[in-house]
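Asker: First the structure, which I've put down as structure tokens, then a few questions once you've had a look.
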Amino acid sequence: MSRLNFTIDRQASGSQARAARFQTLHGEVLTPIFMPVGTQATVKSMTVDGLEAVGSRVLLANTYHLLLRPGPDVFRAFGGIHRFMKWNGPVLTDSGGFQIFSLPNARVLEEEGARFRSYVDGDVHLLSPETSIEMQKTIASDIMMVLDQCIPSTAPFEQAEAAMELTHRWAVRSLEARGDSPQALFGIVQGACHPDLRKRSADFLSKLPFDGLAIGGLAVGESHAERYEFTGLTTRYMPTHLPRYLMGVGTPIDILEAVHCGVDMFDCIIPSQLAKRGTAFTSHGRMHCRRTVYRLSEVPLDAACDCQTCREYSRAYLCHLVRAGEALGTQLLSIHNLAFYHRLMREIREAILRDEFAAFYEKKRHELARPDDDDNPCVHPRRNRPALPPRRGDYEIIQGPTGANCVRQISSGEVMHSVNEPGEEANALYVTQSRLAERVLRQPDGMSASDDPLVIWDVGLGAATNAMAAIACFEKVCAQHGAAALRPVRLISFERDLDPLLLVTKKSSHFPHVQHGAPSTLAKTGTWTHSSGLLRWELVEGDFLETFAAQPAPELVFYDPFSAKTDTALWSAEVFARLVAHGGTKPMELFTYSASTAVRAALLWASFWVAEGVGTGPKATTTMAFTVMEGESARAGWASREIPWLGDTWLARWRRSDSRFPPNLSDAQKDAFSQKIESHRQFAGAR
């Protein structure tokens with residue numbers, strides 16, 4: 001039975017986030033929680049009173065450093081760390097595994113443990129599972145960590161597997177060494193960036209009587225996208241009845257993403273480390289206090305904060321202290337940064353308890369990514385010429401009318417999702433309109449149960465906005481209903497030029513939708529699989545007209561190439577007819593941003609039934625198209641609402657249009673084209 005009596009107060013809807021509580025030897029802990037790092041029994045630049053004032057409830061100390069200085073004899077004399085540092089709240093002690101990892105040339109690693117030479121007096125020490133636990137008992141922390149072997153997260157499979165198995169053997173020895181101590185003990189899931197190893201590690205440790213499990217081996221070499229991916233993947237395999245701790249992570253946005261994945265506990269040196277460099281986290285984004293723009297500013301650092309720093313000091317004074325290298329500057333910024341972190345954790349917990357975390361997450365992830373220049377532009381730019389926008393190949397990042405970042409093709413001038421915020425447009429036009437949330441369920445309303453894969457074609461991957469909107473929808477439904485309720489999904493993206501995808505993944509801070517492990521993995525390997533195994537995202541490179549015939553027939557088509565002006569060949573009646581033929585007897589629904597008369601006529605000529613879609617941006621309508629097979633309606637699942645089919649009004653407009661025929665048709669061909677449109681059952685009352 002757990003020594004912590006862990007209880008979940010609320011599980012968020014549409015997310016893995018949870019608010020919980022557990023009881024330690026020195027008081028109750030409410031989660032999610034951030035633990036300031038007090039490596040050597042002190043949080044840098046902070047007094048114990050100051051820590052309590054900013055809202056700290058649990059501190060982290062390090063076994064490796066405290067073993068060397070002041071040593072176990074001091075803790076024995078004081079009866080533990082709490083009386084020694086005058087801290088009455090809970091303390092978690094790291095085992096020293098990361099510090100051993102940081103000394104590759106000054107230690108010898110073997111089955112027994114790690115032998116290393118002290119940086120204090122030069123003596124040789126053995127840090128083993130037994131000696132680490134013994135020292136943590138002497139420190140008398142509330143929560144102890146097992147000794148693990150930490151390696152770079154990018155390590156090859158064989159090296160990661162060996163380190164994981166050693167960590168498992170050490171975990172068993174750590175439990176034995178703990179004995180009947182009332183202190184809690186956490187295991188550490190390892191496995192680097194290898195999904196199979198992470199699952200094996202979590203499964204192994206879950207069978208042992210630990211009081212909680214930690215995710216180790218991240219923030220040591222992987223990208224942000226990979227960190228988010230493997231955090232989410234690992235938590236799916238961790239037991240729900242124990243607290244989950246992500247070690248050494250991270251920035252506020254890292255924490256928000258990890259809470260979304262189901263993590264409860266965090267620690268990191270970043271609040272104090274960045275304070276030393278003059279950087280503060282605020283409700284306006286990061287602020288670099290040494291900037292000249294703050295030299296005469298009399299306003300507080302953050303008007304939304306009530307910490308001592310923001311109540312009593314101006315930005316101008318903080319700018320002066322940072323520039324002068326005064327220790328008080330570091331202290332005041334540390335006070336503020338820790339207050340910011342703790343307030344963020346409280347806001348997250350309150351949002352979960354109100355069951356509003358999904359909306360809070362979407363709003364906050366944009367706020368936390370804001371750069372300093374957004375609200376505080378430089379008064380005196382260092383150069384007169386504006387910086388060129390980020391570019392790759394024929395594409396560049398620009399700011400759209402709504403302020404959201406977009407990708408523009410330089411040669412044609414066409415902008416991907418040019419008016420609306422890209423994610424909003426993708427959701428409205430493709431995800432919501434196609435009823436994707438219903439379709440990924442095995443028994444969605446109005447459709448028969450199906451275990452067959454839902455095949456989605458994403459024609460025109462571009463910057464992956466539409467594909468990631470589909471993945472976000474899948475993940476939300478998975479969180480709400482569980483993997484057992486979902487159909488398998490194959491998302492197939494077609495693209496001949498990967499520069500837009502490579503550009504946005506490189507500049508992920510500009511694009512929230514790619515702050516996820518999927519896009520970068522797809523760009524590197526051509527495939528990405530969701531941790532549930534139920535969604536596979538595949539990239540098909542090359543000319544769509546030459547590659548689509550080799551792919552399985554789709555149920556949904558998100559048709560989003562550049563316009564007919566730029567990608568003329570993709571909008572012809574012949575291409576749409578090939579799509580219908582490729583689908584065979586399988587009903588197909590196609591959604592596209594184009595509402596042009598020529599495109600709709602081409603779809604009708606190809607035997608699609610065509611309707612008006614939702615408006616986006618400046619477009620009053622878009623287009624939906626359905627195949628209709630003998631005895632089977634492609635409108636299955638739409639019975640609950642009327643489809644705005646094109647009717648007599650559109651037909652009259654088409655007859656008057658200058659673009660009612662594809663180019664280069666002879667008079668005879670034009671007559672045949674007209675006859676096919678006029679005789680379409682859509683206009684003959686067949687529906």
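Asker: Restrict the check to the stretch 540-558 and report whether at least one residue is outside any helix (DSSP H, G or I), farther than 28 Å from TRP654 by Cα and either of a type in the set (A, V, I, L, M) or free of Cβ contacts under 8 Å to residues at least 12 places away in the same chain (or both). Before you say what the answer is, go through the steps one by one.
Answerer: Filtering the stretch 540-558 for residues outside any helix (DSSP H, G or I) gives 540-543, 551-558.
The next check asks that each one be farther than 28 Å from TRP654 by Cα; those that pass are 540-543, 551-555.
Subsequent filtering for residues that are either of a type in the set (A, V, I, L, M) or free of Cβ contacts under 8 Å to residues at least 12 places away in the same chain (or both) retains 540, 553.
Within the stretch 540-558 (the criterion being outside any helix (DSSP H, G or I), farther than 28 Å from TRP654 by Cα and either of a type in the set (A, V, I, L, M) or free of Cβ contacts under 8 Å to residues at least 12 places away in the same chain (or both)), the answer is yes, since at least one residue qualifies.
Asker: If I go through the stretch 559-585 residue by residue, how many of them are part of a helix (DSSP H, G or I) and among the aromatic types (Phe, Trp, Tyr)? Steps first, please.
Answerer: Narrowing the stretch 559-585 to residues part of a helix (DSSP H, G or I): 568-571, 573-583.
Now drop any that are not among the aromatic types (Phe, Trp, Tyr), which leaves 571, 576.
Count: 2.
Asker: Same structure again: Would you point out which residue out of PHE157, PHE116 is among the hydrophobic types (A, V, I, L, M, F, W, C), in contact with a Leu (Cβ under 9 Å, 6 or more places away or on another chain), surrounded by fewer than 16 Cβ atoms within 10 Å (Cβ to Cβ) and over 24 Å from LEU242 (Cα atoms)?
Answerer: Numbers: PHE116 fails: surrounded by fewer than 16 Cβ atoms within 10 Å (Cβ to Cβ).
Only one candidate passes the filter, namely PHE157.
Asker: Hand me the list of helices (runs of 4 or more DSSP H) wholly inside the stretch 420-517 holding 2 or more residues that are more than 30 Å from VAL575 (Cα to Cα). Walk me through how you get there before you give the answer.
Answerer: On the way: elements: 422-426, 436-439, 465-481, 499-506.
The helices (runs of 4 or more DSSP H) meeting that bar are 465-481, 499-506.
Asker: For the stretch 165-218, which residues satisfy the criterion of being of a type in the set (Gly, Ala, Ser) and either touching a residue at least 60 places away in the same chain (Cβ under 8 Å) or not in a loop (DSSP other than H, G, I, E, B) (or both)? First the steps, then the outcome.
Answerer: In the first step, residues of the stretch 165-218 are kept if they are of a type in the set (Gly, Ala, Ser); the result is 171, 174, 177, 179, 181, 184, 187, 191-192, 201-202, 206, 212, 214, 216-217.
Residues satisfying the conditions are ALA171, SER174, ALA177, ALA184, GLY187, SER201, ALA202, SER206, GLY212, ALA214, GLY216, GLY217.
Asker: Right, another one. Report the residue count in the stretch 63-81 for those that are surrounded by fewer than 20 Cβ atoms within 10 Å (Cβ to Cβ), closer than 26 Å to LEU274 by Cα and in contact with a helix residue (DSSP H, G or I) (Cβ under 8 Å, 6 or more places away or on another chain). Explain how you work it out, then say what you get.
Answerer: Within the stretch 63-81, the first condition is being surrounded by fewer than 20 Cβ atoms within 10 Å (Cβ to Cβ), and the residues that meet it are 65, 68-74, 76-80.
From what's left, closer than 26 Å to LEU274 by Cα: 65, 69.
When the remaining residues are screened for being in contact with a helix residue (DSSP H, G or I) (Cβ under 8 Å, 6 or more places away or on another chain), the result is 65.
Total meeting the criteria: 1.
Asker: I'm trying to understand the selection: among the residues of the stretch 13-25, which are at pLDDT 95 or above and among the small types (Gly, Ala, Ser)?
Answerer: Of everything in the stretch 13-25, those that are at pLDDT 95 or above and among the small types (Gly, Ala, Ser) turn out to be ALA17, ALA19, ALA20.
Asker: Within the stretch 327-374, take every residue that is among the acidic types (Asp, Glu) and touching a His at 6+ places or on another chain (Cβ under 8 Å) and give me the one that is surrounded by the most Cβ atoms within 10 Å (Cβ to Cβ). It would help to see each step written out before you state the result.
Answerer: Taking the stretch 327-374 as the starting set, the residues that turn out to be among the acidic types (Asp, Glu) are 347, 350, 355-356, 362, 367, 372-374.
Narrowing further to those that are touching a His at 6+ places or on another chain (Cβ under 8 Å): 372, 374.
Values: ASP372: 20, ASP374: 11.
So the residue we want is ASP372.
Asker: Just to be sure I understand, how many residues within the stretch 151-192 are closer than 20 Å to SER206 by Cβ and of a type outside the set (A, V, I, L, M)?
Answerer: 14
Asker: If you don't mind, another one. Restricting to helices (runs of 4 or more DSSP H) lying wholly in the stretch 287-360: which have 1 or more residues that are modelled with pLDDT of 95 or more, within 29 Å of the chain's Cα centre (by Cα) and of a type in the set (Ser, Thr, Tyr)?
Answerer: Values: elements: 308-312, 315-324, 327-353.
Answer list for the stretch 287-360: 327-353.
Asker: Moving on. Can you report the number of residues in the stretch 201-226 which are at pLDDT 90 or above and surrounded by 19 or more Cβ atoms within 10 Å (Cβ to Cβ)? Before you say what the answer is, go through the steps one by one.
Answerer: We begin by selecting, within the stretch 201-226, every residue at pLDDT 90 or above; these are 201-218.
Within this subset, residues satisfying the condition of being surrounded by 19 or more Cβ atoms within 10 Å (Cβ to Cβ) are 201-202, 205, 210-218.
Qualifying residue count for the region: 12.
Asker: Right, another one. When you go through (1) small (Gly, Ala, Ser); (2) under 20 Å from VAL259 (Cα atoms); (3) part of a loop (DSSP other than H, G, I, E, B) one by one for GLY89, which number turns out not to apply?
Answerer: The failed condition is (2).
Asker: Hey, can you tell me all the residues within the stretch 82-99 that are on the phi < 0 side of the Ramachandran plot and surrounded by fewer than 23 Cβ atoms within 10 Å (Cβ to Cβ)?
Answerer: Once the filter is applied, which keeps residues that are on the phi < 0 side of the Ramachandran plot and surrounded by fewer than 23 Cβ atoms within 10 Å (Cβ to Cβ), the stretch 82-99 yields HIS82, ARG83, PHE84, MET85, TRP87, ASN88, GLY89, PHE98, GLN99.
Asker: Taking into account only those residues within the stretch 219-234 that are aliphatic (A, V, I, L, M) and not in a loop (DSSP other than H, G, I, E, B), which is nearest to the chain's Cα centre (by Cα)? Step through it out loud before you land on a result.
Answerer: Here is the first cut: in the stretch 219-234, the ones aliphatic (A, V, I, L, M) are 219-220, 225, 233.
Going one step further and asking which of them are not in a loop (DSSP other than H, G, I, E, B), we end up with 225, 233.
On the way: ALA225: 7, LEU233: 11 Å.
Ranking the candidates gives ALA225 first.
Asker: For the structure I just gave you, tell me whether LEU25 is touching a residue at least 12 places away in the same chain (Cβ under 8 Å) and either among the acidic types (Asp, Glu) or out of contact with any Phe, Trp or Tyr (no Cβ under 8 Å at 6 or more places or on another chain) (or both). First the steps, then the outcome.
Answerer: Values: touching a residue at least 12 places away in the same chain (Cβ under 8 Å): yes; either among the acidic types (Asp, Glu) or out of contact with any Phe, Trp or Tyr (no Cβ under 8 Å at 6 or more places or on another chain) (or both): yes.
Taking the combined requirement at face value, the residue satisfies it.
Asker: In the stretch 69-84, what residues are basic (Lys, Arg) and closer than 12 Å to ALA140 by Cα?
Answerer: ARG76, ARG83
Asker: What's the number of the condition ASP180 fails, among (1) of a type outside the set (Gly, Ala, Ser); (2) surrounded by 24 or more Cβ atoms within 10 Å (Cβ to Cβ); (3) farther than 29 Å from ASP196 by Cβ?
Answerer: Going through the list (1) of a type outside the set (Gly, Ala, Ser); (2) surrounded by 24 or more Cβ atoms within 10 Å (Cβ to Cβ); (3) farther than 29 Å from ASP196 by Cβ, ASP180 breaks only (2).
Asker: Where residues in the stretch 640-652 are outside any loop (DSSP other than H, G, I, E, B) and surrounded by 13 or more Cβ atoms within 10 Å (Cβ to Cβ), which of them is farthest from the chain's Cα centre (by Cα)? Write out each step before concluding.
Answerer: Step one: of the stretch 640-652, the residues outside any loop (DSSP other than H, G, I, E, B) are 645, 648-652.
Imposing the further condition that a residue be surrounded by 13 or more Cβ atoms within 10 Å (Cβ to Cβ) reduces the set to 645, 650-651.
Numbers: TRP645: 38, TRP650: 43, LEU651: 46 Å.
Among those residues, the one meeting the criterion is LEU651.
The values are calculated or read from the model by the stated rules, or taken from the named source; none is laboratory data. Computed from a prediction, not measured in an experiment: that's the story for all the values here. Reconstructed Cβ throughout: ideal geometry from the backbone, glycine too, with neighbour counts over all protein chains shown.
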